[in-house]
Ligand SMILES: Nc1ncnc2c1ncn2[C@@H]1O[C@H](COP(=O)(O)OP(=O)(O)OP(=O)(O)O)[C@@H](O)[C@H]1O
Ligand SMILES: Nc1ncnc2c1ncn2[C@@H]1O[C@H](COP(=O)(O)OP(=O)(O)OP(=O)(O)O)[C@@H](O)[C@H]1O
Ligand SMILES: [Mg+2]
Ligand SMILES: [Mg+2]
């Protein structure tokens, strides 16, 4: 062994894989970007895998196929928590390290979980809206029932409003299911029933597109607050058409995810004072790492464009 | 999908026929007015819901609300027109949602690459028409079923959208106002989208009712072999309908692009089902040979009315789907039974 | 009456009407062995892909990979069996995805409320069967089309799942191991799910080929009027098929529940399309009257194989959909052309 | 005079089946040229080739002095060749008028429809034939009316050659007469006509020449005036047909025991108080014009249609059926007049078709015994001289007449006690017809009740011991023995004479008029 070589270096061919569902969408790209960066800095190889569909069964199939390639570790976004228990446990038993990100499978044997805090995000969105409205007025929410992190953001948003801003009144809720057209129609209708509607919150950016357009066309002053960003939302934020967005810090998610994964794959690097030897578990066990979030407003929106970011970094995103 | 037809006929054969009143469904009657039995039934159902709603919600009977409801289905309505024509010829198109999305994406991408938005849109619409044309070719040349061909193209078109956008929504913030007008502008208080939609509806409704070309669409859909034996080039007719459906999806995509000023690769997922539902509620037959544009538009209006009403009434989110499904079921049943009654009294059935 | 259906049958033979069913190819071929024209073609396509893949990827020819591929379609495969039967009788069921989900959710909820998981599952399966029964009733009593009825039930069942779970996934971590065994257990290294799936396939394949009851399914789907004129209670047959499809979806839901130890209200969205695609690739006719379970399973295997291969080959996501769609198109076309050659010898054009 | 159409050495194969092996035919303008041959001889195949439905494998079509190719029906029509197809092909969702004018609409260059003109022209064409309400949807018409629409459709074409492929198979003589008048008119306008039929009387009434095919090969062309039905039949079948009809049952008397008795049957529609008895050993005929309610009567008896009133007894016991499956279980079966719509499963195998009526005969413990099924199908196929490769081929690959034989085999396969045959020999050739008549006669002799509905008068007269005639849903009377003549039946059928020859059948025993609403 080379005495100069850092412990934080991979063997040749040591592979780390990121696995997601709906793999074609933008959200994952900044995560993978930093996952990759950390890997390169440590001489490791990476792969981006997943299924283009929104289907847990298909995602599990890809997860198991990744496993057939015997990678050193997998960073997975489990679409649903419990369905992943068995696959993750099987991976760990085979000696493949697993960490989860952005969604967890708490009952599995994964080593670590990196995420932004959906509850804090929802609350932060509520604070931003309530501040802008002087703590008084009517608001509505658009939901995507069934998707856990979205549901959490919405619940936290409403809870924060009820708790801290008694004069903010929830007047309507509808399901937009990430569909801009449904969001557009819903906001138009809500505006009919509640002409004084002052704000609407939705937990993802696709709906925001439609909601903001409806707000513009009704010519009413409806503040559209959302979470996550894309180029269009950023443009609208800059133009004042969307009030703001809460964006999780995806880069840190990817970077910390890789570090955790590497550590889990090289447990000999650490030796914590606990019972890991007795219980035979991986010493690299972190229940929860918060990667933080940012409130995106007209002032800072420019820093969140993916294309510009890619250009600045000179990489090709998930395609390498 | 033979069953509906068989059932329909079965019910018919059970009773018998006084011959005199046969004029009902004929050519003559078609000329008499725009309201045929089926459409009148739908209008009735819609009116009932409207009246109930106007009691339930004070906001319902406002121009603003009607404008909002019209806006909410008028772009999808353009797709419904194309789908209805395709259903009449005996086809079906599951790819419309993906194709609408593809139109947005192609138009958006070309615009971002520096083309003027009008040419970009034209190319996008033509590309969608070409997809429809390809589907028609697969169906008529190879002899596959529209269902499976359009399913394949649904996946392909979605993949193309992803490929072109690399998965990220394209911001078309810089579209010129003259172009955005298509999707967002008003003419004398009436949104241009609605005017465009009604224009398309009236145009195709008249064509379907009165033009020779579109009569052949009915013939082909009703019995392809009979049409063929009458010298009608049924393959060509099917290709025309499928191309038209693609073109109209493309137009809808471009209008969406102008409305939202964006092109998102996830747009339109699941649209095919609501579009088909609208056409079928409006009287289009999944076996081909029957249907009208006007009916289909009423079907779309009904679906949209129900969705808006549920929101206006503050029905809890978890109940909305259940109620929507039940109303869909009740509407088609009522309509079907109403028409059966009418048939059994007026024609023989 | 006579003609509507009569004329339809004519058109039928012109559109893609796969020929190879037990009844059609008749006794002769059946005796020769399990591989019939259509199925042999599919097996060939699958083998070709497998051979190509084993060169292209070193991971392909591993037991782990095959296990993953088998697992990935065996539960959905149970739904394919039900769908195929319904397609043969001339129906179609768009609600399967929602119903599978509903089975999970009902079973899970009852278990969380304290019922033992076996009774909970039984109730869930029966509830799904009841939904199928209701759909059959709507179709046969009111005379609606399966397409539109199942569309309505798709929305309703999804709404029920949302309502029962209040939108949040239910964790069923506490399911007893004896129950989890259904979904996660192995028997001699072979996952129980796969064994169960093959059991169901063989059972229904034999029934469809040899039992008198299921022979009537072919009669009804082939020409409902003629079936009525042969003394077959076609309405009852249709209800049986639709109930069976519901029951099998329920079984799949319960197995998913055992496999995942969870009940998520968004499960199974879009499943109907891949299930129908599998059945159609495998030779089921959308016009009814044709199809085999074995063929449908091969169709499901092909779809799953293609998806897995694309992932194994690290094809960029953007390309995956496009390639998947193209392969679907090529597979049905090749299969269709192969069979057309064979068929032109036997059927009037 | 030059022939307007000549075909030379046409070959056509469907896979292993060599349907046409080098046939020739020539047609003069203003000639009615009859084409005859057994079922499956290749007549329809040739006509399909002449109308562009499919291309020949080999051979020439010489039309108006030059060779032509016909890639599709449009092209054939453009040349002026029209065809009335053997199998009805109409658009069920479309009105009669539009169906009739479909080809004309297609040929029109104008952008807009002229609905008024379409109606007017359709009415005009139908006026010469049989008036049918032109606004009715075709799908709502009975099969016979559809046949008329099919004919009317061809009459709107501007043709020099018009082909009729069994146009009268579903028609009664009245309608057929109307058609013959039209054919005479076409003839006078120098239009060449090819006429295919299995009704010998018709052929000799209207044709100028007769060409016979056998097994896809040309046999002979004869002048009609210089030949006779027996010679034609011999040329067709390859052997002499001595007695077309088997001997009748001489032992029947009014006292013969009664198998089925129907009293005061009404269906709330066309049928009113139909009463009759079917005696043991008897072949009973049911005649009448189209729409007289013959099929309706059969439907009402066996549970396929509505019955609002009436008592039916079988072997003296009340015969109560909820639906047709009960009727089958009780031994009464019905052969549908609409072969394609409700008689056979076109896409299923011959074997599966033949056993469809009651699978119990070829099954054990709920499972089909495929060997028994094949054997059964092959047996019946032989009995009816069915022309097929094997019994696992789909029925759609058979010729029209052979499909009809499958439909009949389906009835015979269940060993019924009573069979109602609705147009049993529709499209069946003379040879097979006489075999079928013999089979029916033998069935009757074995104690099976046989009720035959037929639009072909000679068939009724030759086959039946007794004929009931329906007029507008009522029994107009019955004919027997010497009174069995076409004139007598026509008188009753058209309602001119009522009850003149009947003996108030059953009135004496008919005290009760039970209210058996279905
Ligand atoms: N598509 C097909 N596939 C296989 N065989 C066919 C097909 N079409 C016709 N045949 C066969 O060709 C032969 C000729 O059939 P055709 O229909 O021309 O007979 P036909 O003379 O019209 O008889 P019929 O008097 O019964 O109408 C028959 O043996 C028939 O089975
Ligand atoms: N030309 C016609 N137009 C419309 N309806 C008709 C016509 N002819 C008959 N019908 C209807 O058809 C029904 C009777 O037909 P059905 O088939 O029972 O008569 P049928 O005596 O068996 O005649 P066939 O079997 O020769 O057609 C009646 O209800 C009658 O109203
Ligand atoms: Mg013929
Ligand atoms: Mg009749």
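Would you tally the residues in segment A:47-82 being touching a residue at least 40 places away in the same chain (Cβ under 8 Å) and part of a strand (DSSP E or B)?
5
Yes or no: residue B:86 at pLDDT below 85 and away from chain D (no Cβ under 14 Å)? Don't jump to the end; show me each part of the working.
Numbers: at pLDDT below 85: no; away from chain D (no Cβ under 14 Å): yes.
No.
Any residue in segment D:32-45 that is part of a strand (DSSP E or B) sitting within a Cβ distance under 9 Å of a residue that is within 16 Å of ligand 4 (Cβ to nearest atom) and at pLDDT 95 or above? List the pairs, counting only those 6 or more apart or interchain.
Within 9 Å, no pair qualifies.
Those residues that are outside any strand (DSSP E or B) and facing another protein chain (nearest Cβ under 7 Å), I need them from segment C:208-218; list them, please.
Selection gives C:210, C:212, C:213, C:215, C:218.
Which condition number does residue D:357 fail, the rest of (1) assigned to a loop (DSSP other than H, G, I, E, B); (2) within 16 Å of ligand 1 (Cβ to nearest atom); (3) in contact with a helix residue (DSSP H, G or I) (Cβ under 6 Å, 6 or more places away or on another chain) being met?
For residue D:357, the failing item is (2).
For segment A:59-74, name all the residues that are surrounded by 24 or more Cβ atoms within 10 Å (Cβ to Cβ) and facing chain C (nearest Cβ under 7 Å).
If the condition is that a residue be surrounded by 24 or more Cβ atoms within 10 Å (Cβ to Cβ) and facing chain C (nearest Cβ under 7 Å), then A:62, A:65 are the ones that fit.
Of everything in segment C:140-149, what is surrounded by 24 or more Cβ atoms within 10 Å (Cβ to Cβ) and in contact (Cβ under 8 Å) with a residue 60 or more places away in the chain? Give them in sequence order.
The one that is surrounded by 24 or more Cβ atoms within 10 Å (Cβ to Cβ) and in contact (Cβ under 8 Å) with a residue 60 or more places away in the chain: C:146.
May I ask you to say which residue of A:289, A:259 is in contact with a strand residue (DSSP E or B) (Cβ under 7 Å, 6 or more places away or on another chain), over 27 Å from residue B:268 (Cβ atoms) and touching a residue at least 60 places away in the same chain (Cβ under 8 Å)? So that I can check it myself, show each step before the final result.
Values: A:259 fails: in contact with a strand residue (DSSP E or B) (Cβ under 7 Å, 6 or more places away or on another chain).
Within the list A:289, A:259, the selection yields A:289.
Does segment D:493-501 contain any residue that is in contact with a helix residue (DSSP H, G or I) (Cβ under 9 Å, 6 or more places away or on another chain), at pLDDT 90 or above and assigned to a loop (DSSP other than H, G, I, E, B)?
No, there is no match, as no residue in segment D:493-501 is in contact with a helix residue (DSSP H, G or I) (Cβ under 9 Å, 6 or more places away or on another chain), at pLDDT 90 or above and assigned to a loop (DSSP other than H, G, I, E, B).
Might you let me know whether segment D:208-224 holds any residue that is within 14 Å of another protein chain (Cβ to nearest Cβ), in contact with a strand residue (DSSP E or B) (Cβ under 9 Å, 6 or more places away or on another chain) and within 30 Å of residue D:485 (Cα to Cα)? Step through it out loud before you land on a result.
From segment D:208-224, those within 14 Å of another protein chain (Cβ to nearest Cβ) are none; that's our starting set.
Taking every residue of segment D:208-224 in turn, none turns out to be within 14 Å of another protein chain (Cβ to nearest Cβ), in contact with a strand residue (DSSP E or B) (Cβ under 9 Å, 6 or more places away or on another chain) and within 30 Å of residue D:485 (Cα to Cα).
Can you work out which of the residues in segment D:41-88 that are at positive phi and surrounded by 22 or more Cβ atoms within 10 Å (Cβ to Cβ) is farthest from ligand 2 (Cβ to nearest atom)?
Here the answer is D:52.
With respect to residue B:263, determine if the residue is touching a helix residue (DSSP H, G or I) at 6+ places or on another chain (Cβ under 7 Å), under 30 Å from residue B:72 (Cα atoms) and modelled with pLDDT under 95.
Criteria met by residue B:263.
Cβ-Cβ below 6 Å, separation at least six or inter-chain, first residue in segment D:156-176 and more than 14 Å from chain B (Cβ to nearest Cβ) and closer than 12 Å to residue D:130 by Cβ, second at pLDDT below 90 and within 14 Å of ligand 1 (Cβ to nearest atom): which pairs?
D:176/D:168
Please determine whether any residue of segment D:230-245 is over 30 Å from residue D:10 (Cβ atoms), at pLDDT below 85 and surrounded by fewer than 16 Cβ atoms within 10 Å (Cβ to Cβ).
Narrowing segment D:230-245 to residues over 30 Å from residue D:10 (Cβ atoms): D:242-245.
Still in the list and also at pLDDT below 85: D:242-244.
Then keep just the ones that are surrounded by fewer than 16 Cβ atoms within 10 Å (Cβ to Cβ); that gives D:242-243.
Yes.
Rundown of residues vs (1) within 16 Å of ligand 4 (Cβ to nearest atom); (2) surrounded by fewer than 21 Cβ atoms within 10 Å (Cβ to Cβ); (3) within 20 Å of residue D:169 (Cβ to Cβ), yes/no style:
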{"site": "D:452", "(1), (2), (3)": "yes, no, yes"}
{"site": "D:456", "(1), (2), (3)": "yes, no, yes"}
{"site": "D:460", "(1), (2), (3)": "yes, no, yes"}
{"site": "D:464", "(1), (2), (3)": "no, no, yes"}
{"site": "D:472", "(1), (2), (3)": "yes, yes, no"}
{"site": "D:475", "(1), (2), (3)": "yes, no, no"}
{"site": "D:478", "(1), (2), (3)": "no, no, no"}
{"site": "D:481", "(1), (2), (3)": "no, yes, no"}
{"site": "D:486", "(1), (2), (3)": "no, yes, yes"}
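How many residues are away from ligand 3 (no atom under 16 Å from the Cβ) and part of a loop (DSSP other than H, G, I, E, B) when one looks only at segment D:121-170?
15
Restricting the search to segment D:300-322, which residues are touching a helix residue (DSSP H, G or I) at 6+ places or on another chain (Cβ under 9 Å) and either outside any loop (DSSP other than H, G, I, E, B) or within 16 Å of ligand 3 (Cβ to nearest atom) (or both)?
Scanning segment D:300-322 gives D:301, D:302, D:310, D:312.
Tally up the residues in segment B:161-170 that are surrounded by 24 or more Cβ atoms within 10 Å (Cβ to Cβ) and at the interface with another protein chain (Cβ under 8 Å from one of its Cβ atoms), please.
4
Just to be sure before I move on: is residue B:92 more than 13 Å from chain D (Cβ to nearest Cβ), in a helix (DSSP H, G or I) and modelled with pLDDT of 90 or more in the structure I sent?
no
Which of the residues that make up segment A:176-205 are at the interface with chain B (Cβ under 8 Å from one of its Cβ atoms) and either on the phi > 0 side of the Ramachandran plot or within 18 Å of the chain's Cα centre (by Cα) (or both)?
Result: A:178, A:205.
Does residue D:419 count as touching a residue at least 12 places away in the same chain (Cβ under 8 Å), in a strand (DSSP E or B) and within 17 Å of residue D:354 (Cα to Cα)?
Spelling it out, residue D:419 is indeed touching a residue at least 12 places away in the same chain (Cβ under 8 Å), in a strand (DSSP E or B) and within 17 Å of residue D:354 (Cα to Cα).
Failed condition for residue D:388, given (1) within 29 Å of residue C:210 (Cα to Cα); (2) within 16 Å of ligand 3 (Cβ to nearest atom); (3) in contact with a strand residue (DSSP E or B) (Cβ under 8 Å, 6 or more places away or on another chain), with all others met?
Failing condition for residue D:388: (3).
Restricting to segment D:336-367, and then to whatever is more than 7 Å from chain C (Cβ to nearest Cβ) and buried (at least 24 other Cβ atoms within 10 Å of the Cβ), can you tell me which residue is farthest from residue D:321 (Cα to Cα)?
Per the criteria, the residue is D:350.
Could you pull out the residue among D:59, D:15, D:65 that is free of Cβ contacts under 8 Å to residues at least 40 places away in the same chain and more than 14 Å from ligand 3 (Cβ to nearest atom)?
D:15
Quick one: which residue in A:86, A:91, A:103 is free of Cβ contacts under 8 Å to residues at least 40 places away in the same chain, in contact with a helix residue (DSSP H, G or I) (Cβ under 7 Å, 6 or more places away or on another chain) and surrounded by fewer than 24 Cβ atoms within 10 Å (Cβ to Cβ)? Spell out the reasoning first.
Working: A:91 fails: surrounded by fewer than 24 Cβ atoms within 10 Å (Cβ to Cβ); A:103 fails: free of Cβ contacts under 8 Å to residues at least 40 places away in the same chain.
Only one candidate passes the filter, namely A:86.
I need the full set of residues from segment D:181-224 which are more than 16 Å from ligand 3 (Cβ to nearest atom) and within 18 Å of residue D:459 (Cβ to Cβ), in order please.
D:200, D:201, D:204, D:205
Would you kindly identify the helices (runs of 4 or more DSSP H) lying entirely within segment C:219-327 that contain at least 3 residues that are buried (at least 24 other Cβ atoms within 10 Å of the Cβ) and more than 12 Å from chain B (Cβ to nearest Cβ)?
Where helices (runs of 4 or more DSSP H) fall fully within segment C:219-327 and carry at least 3 residues being buried (at least 24 other Cβ atoms within 10 Å of the Cβ) and more than 12 Å from chain B (Cβ to nearest Cβ), they are C:234-260, C:293-312.
The values are calculated or read from the model by the stated rules, or taken from the named source; none is laboratory data. This structure is a prediction, so every number in the text was calculated from the model and none was measured. Backbone-built Cβ (ideal geometry, glycine too); neighbour counts: all protein chains shown.
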